[in-house]
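J.: The structure follows.
The values are calculated or read from the model by the stated rules, or taken from the named source; none is laboratory data. Quick caveat: nothing in here was measured; it's all calculated off a predicted structure. As a convention, Cβ positions derive from the backbone with ideal geometry for all residues, glycine included, and neighbour counts pool all protein chains shown. Just so you know, the surface numbers come from the protein's heavy atoms only, side chains and all, with ligands and any DNA or RNA stripped out. Shrake-Rupley method; radii C 1.70, N 1.55, O 1.52, S 1.80 Å.
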Amino acid sequence: MFNPRRRIAAIHDLSGIGKVSLTVAIPILASMGFQVCPLPTAVLSSNTEIPGFQLVDLTSHMRDFINHWKAMQMEFSAIYSGFLGSPDQIEIVTEFIDDFRRSPQLVVVDPVLGDDGSLYHSMNGQMVEEMKKLITHANVITPNLTEACALLDLPYQPEMSEKQLCRVLKDLCSHGPTISMITNARIPGNLKQTFVYAYNAGDKKFWKVSCDYVPAQYPGTGDTFTSVITGCLLQGDSLPIALDRAVQFISTAIRATYGYGYDNRHGILIEKVLPNLNAPFTPGCFELLNGEES
Ligand code: PXL
């Protein structure tokens, strides 16, 4: 039955053009039956991939918004944060999690810091240090390989063996989260696929899902992945089913976008595939790994 009280506090920016952050999280999670309550960190004319973007930073207003929510005694089934623009914003998210903590509750942190071995322009060592603290408050984290290495002070390697990836996942969970994932992982000798690896410290199981490599990059794919994962876990899916659904959704969305010869910086055309989130799901490609021996 639809439960109107299943609210998700979504702490991200709002970008007018180019599907990222809230413009991805809201439609995905609403399609999955949740009420998304946005706490915008900034409003942008477009995502930052599109030159000339205009930005209004809302950091100085966030605590006032939060205080209003506290006065209304709002409760959230999940708290979900993504791209954050400054150490101050990370501190505000940490306070938010402490203030609105209840049990059971899903706290998902996508520690957006960088990709392909480098930090994004707006990130720096202080942001990495603050993000290391924020993940200790989460129960699910979804870094890519670059972010996982930064969070653990490991040198970035574009390819890691499965054994190394399992070690990284376990080390991430040792900082607090019950579930850690690594998106966009590549393993030696396989150029045709990328992988999502995940570890659940609750049952000590490692999972892997493969994705066919598509030679195109779109901003917001990480936000899409983490939004679907959040919705699936909140709907009660097991971790491998959540991973499988998120990977299948993204692959289909990328394929739907790819054929249009469209400007990649505008993100993926999720509107084309949102109905898939409610279609019967056929599990495809998850694998249980023998991680304890890895
Ligand atoms: O998480 C992706 C993202 C979020 N927010 C803004 C962005 C991007 C990626 O380009 O520009 C403003």
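J.: Between the range 99-147 and the range 165-232, what is the separation of their alpha carbon centroids in Å?
T.: Here the answer is 14 Å between Cα centres.
J.: Extension gain residue 136-residue 68, at 0.36 nm per residue separation less the Cα-Cα distance, in nm?
T.: So the extension gain works out to 21.9 nm.
J.: Also, quick follow-up: In Å, what Rg and Dmax follow from the Cα atoms of the range 1-94?
T.: Final numbers for Rg and Dmax: 13.8, 45 Å.
J.: Go ahead and collect, in residue order, the members of the range 73-94 whose backbone nitrogen is under 12 Å from a label point 7 Å along the Cα-Cβ direction of residue 59.
T.: 84-93
J.: Arrange the residues 6, 245 by how much accessible surface each exposes, largest first, with a 1.4 angstrom probe.
T.: Greatest to least solvent exposure: 6, 245.
J.: Between residue 282 and residue 5, with labels modelled 7 Å along Cα→Cβ, what's the label distance in nm to one decimal, could you check?
T.: 3.9
J.: Just to make sure I understand: if all protein chains stay in place, what is the order of 137, 175, 68 by accessible area at 1.4 Å, largest first?
T.: Putting 137, 175, 68 in descending order of accessible area: 68, 175, 137.
J.: Suppose each label sits 7 Å from its Cα in the direction of the beta carbon; what would the residue 157-residue 121 distance come out to in nanometres?
T.: Label at residue 157, label at residue 121, 3.2 nm between them.
J.: While we're here: Mind checking which of 85, 284, 18 has the largest fluctuation in a GNM of the chain, springs on alpha carbons under 10 Å?
T.: Highest fluctuation among the options: 284.
J.: Report, please, the projected area of the chain averaged over directions, based on the convex hull of its C-alpha atoms, in nm².
T.: 14.7
J.: Specify, per residue and in Å³, the volume enclosed by the convex hull of the alpha carbon atoms belonging to the range 112-239.
T.: 108
J.: So, in nm, how far is label residue 252 from label residue 103 when the simple model puts each one 7 Å beyond its Cα toward the Cβ?
T.: For residue 252 paired with residue 103, the spin-label model returns 3.7 nm.
J.: Then there's this: Where does each of 150-157, 176-183, 192-199 land if you order them by average Cβ count within 10 Å, highest first?
T.: Result, highest mean Cβ count within 10 Å first: 176-183, 192-199, 150-157.
J.: For the range 7-289, with only Lys/Arg (+1) and Asp/Glu (-1) charged at the beta-carbon, what is the dipole magnitude about the Cα centre, in debye rounded to 20?
T.: Magnitude of the dipole: close to 680 debye.
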